[in-house]
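For reference, the structure is listed below as C-alpha coordinates.
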Amino acid sequence: GPGRYKNNGVTFIKEFDVRSELEYPDANVSFETFMCKHMVEIESLSPLGTAKPGESLFHTERWELVKG
(Lines give C-alpha, C1' and ligand atoms only; values in the text may rest on other atoms or scores of the structure.)
Protein backbone atom coordinates (compact mmCIF):
# COMPACT_ATOMS: atom_id res chain seq x y z
CA GLY A 1 0.00 0.00 0.00
CA PRO A 2 1.18 3.54 -0.59
CA GLY A 3 2.03 6.16 1.98
CA ARG A 4 1.91 9.78 0.83
CA TYR A 5 3.13 13.09 2.21
CA LYS A 6 2.49 16.43 0.49
CA ASN A 7 4.47 19.57 1.32
CA ASN A 8 5.07 22.79 -0.63
CA GLY A 9 3.45 21.46 -3.81
CA VAL A 10 5.42 18.19 -3.91
CA THR A 11 4.03 14.78 -2.97
CA PHE A 12 6.35 12.03 -1.74
CA ILE A 13 4.89 8.60 -2.45
CA LYS A 14 6.23 5.48 -0.77
CA GLU A 15 4.86 2.18 -2.09
CA PHE A 16 5.44 -1.26 -0.59
CA ASP A 17 3.83 -4.67 -0.59
CA VAL A 18 1.68 -5.76 2.36
CA ARG A 19 1.34 -9.47 3.07
CA SER A 20 -1.83 -9.68 5.16
CA GLU A 21 -1.28 -13.37 5.89
CA LEU A 22 1.99 -12.57 7.75
CA GLU A 23 2.57 -11.01 11.17
CA TYR A 24 3.98 -7.47 11.50
CA PRO A 25 5.66 -5.75 14.46
CA ASP A 26 4.17 -2.92 16.54
CA ALA A 27 0.60 -4.22 17.01
CA ASN A 28 0.68 -5.96 13.61
CA VAL A 29 0.83 -2.81 11.45
CA SER A 30 2.68 -2.36 8.15
CA PHE A 31 2.83 1.47 8.20
CA GLU A 32 3.58 4.12 10.86
CA THR A 33 3.88 7.89 10.91
CA PHE A 34 5.64 10.23 13.33
CA MET A 35 5.49 14.00 13.38
CA CYS A 36 7.15 16.73 15.40
CA LYS A 37 7.84 20.41 14.72
CA HIS A 38 11.04 19.53 12.83
CA MET A 39 10.00 16.61 10.61
CA VAL A 40 7.46 14.08 9.41
CA GLU A 41 8.41 10.41 9.13
CA ILE A 42 6.45 7.88 7.10
CA GLU A 43 7.74 4.38 7.67
CA SER A 44 6.79 1.04 6.17
CA LEU A 45 7.44 -2.07 8.23
CA SER A 46 8.35 -5.50 6.92
CA PRO A 47 6.65 -8.66 8.12
CA LEU A 48 8.40 -10.51 10.90
CA GLY A 49 10.63 -13.33 9.78
CA THR A 50 13.70 -15.36 10.63
CA ALA A 51 16.55 -15.91 8.19
CA LYS A 52 18.54 -19.10 8.44
CA PRO A 53 22.30 -18.97 7.86
CA GLY A 54 22.93 -18.12 4.22
CA GLU A 55 19.36 -16.86 3.62
CA SER A 56 18.22 -13.26 3.11
CA LEU A 57 15.00 -11.40 3.85
CA PHE A 58 13.99 -8.38 1.77
CA HIS A 59 11.60 -5.47 2.24
CA THR A 60 11.37 -3.25 -0.84
CA GLU A 61 10.07 0.33 -0.97
CA ARG A 62 9.43 2.26 -4.18
CA TRP A 63 9.76 6.05 -3.86
CA GLU A 64 8.40 8.76 -6.13
CA LEU A 65 8.26 12.56 -6.01
CA VAL A 66 5.39 14.24 -7.88
CA LYS A 67 5.07 18.01 -8.40
CA GLY A 68 1.64 19.59 -8.18
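The values are calculated or read from the model by the stated rules, or taken from the named source; none is laboratory data. Just so it is clear, the structure is predicted and the values come from calculations on it, not from any experiment. Backbone-built Cβ (ideal geometry, glycine too); neighbour counts: all protein chains shown. Only protein heavy atoms, including side chains, enter the accessible area calculation; ligands, DNA and RNA are left aside. Shrake-Rupley method; radii C 1.70, N 1.55, O 1.52, S 1.80 Å.
Of note:
- Near Phe31, the amide H atoms lying under 5 Å from its own belong to Leu45; only residues 5 or more places off or on other chains count, and H is placed 1.01 Å from N.
- Ligands, DNA and RNA left out, the accessible area of the chain computed with a 1.4 Å probe is 53% carbon and sulfur.
- Checking every one of the chymotrypsin sites (Phe, Trp or Tyr not before Pro) in the chain against DSSP loop status and a limit of 12 other Cβ atoms within 10 Å picks out Phe58.
- Spacing of the modelled spin labels on Ser20 and Arg4, each 7 Å from Cα toward Cβ, amounts to 2.1 nm.
- Under the convention that each Lys and Arg Cβ holds +1 and each Asp and Glu Cβ holds -1, the size of the dipole of the chain around its Cα centre is about 380 debye.
- Spin-label pair Phe12/Leu57, simplified geometry with 7 Å Cα→Cβ offset, distance in nm: 2.5
- For the chain, lysine pairs with C-alpha atoms less than 19 angstrom apart, excluding pairs fewer than eight positions apart on the same chain, total 4.
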